[in-house]
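Have a look at the structure below, then the notes.
Every number here is computed from the coordinates shown, using simple stated rules; none is lab data. These numbers come from a predicted model, not from an experiment. FYI the Cβ positions are ideal-geometry reconstructions off the backbone, even for glycines, and counts take in every protein chain you see.
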Amino acid sequence: MLTPEALKDLQHIVGLANVSDDASTCMSYAWNAGLGGMPKPNRLAAVPPIGVVLPGCTEEVQAVIRACLRHGIKFKPHSTGYGSLATVASPNAISVDLRRMNKIHEI
């Protein structure tokens, strides 16, 4: 789970509705179905994320990454949905789901 301080920082950046460390949400981001299929225990990634953050713009992405660095949290951004390339690869990592972003202004 995220520390209370890290959770508060992330909520301040993206809003309460766009960050979660709820176990069921985190496990849904550990689902690795590949090309599809129903969830099965062998399709769950070995390491689920400790939180999920959905930034809405590049400024929020930058702020989320800075917050991760301050709190010693690893991160895995993705925008392609669920699958082997979208899951986190190590403990103490969050999933940064970019689906709320509709365009990139500047990187």
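Counting Lys and Arg as +1 and Asp and Glu as -1 over every other residue whose Cβ lies under 14 Å from the Cβ of Asn18, the net charge comes to -3. Distance between the modelled labels on Ser24 and Thr3, one decimal in nanometres: 2.9 nm (7 Å Cα→Cβ projection). Amide H to amide H distances under 5 Å link Gly51 with Ser95, where only residues 5 or more positions off or on other chains count and H is placed in the peptide plane. Between Ile65 and Met101, the simple spin-label model (points 7 angstrom out along Cα→Cβ) gives 0.9 nm.
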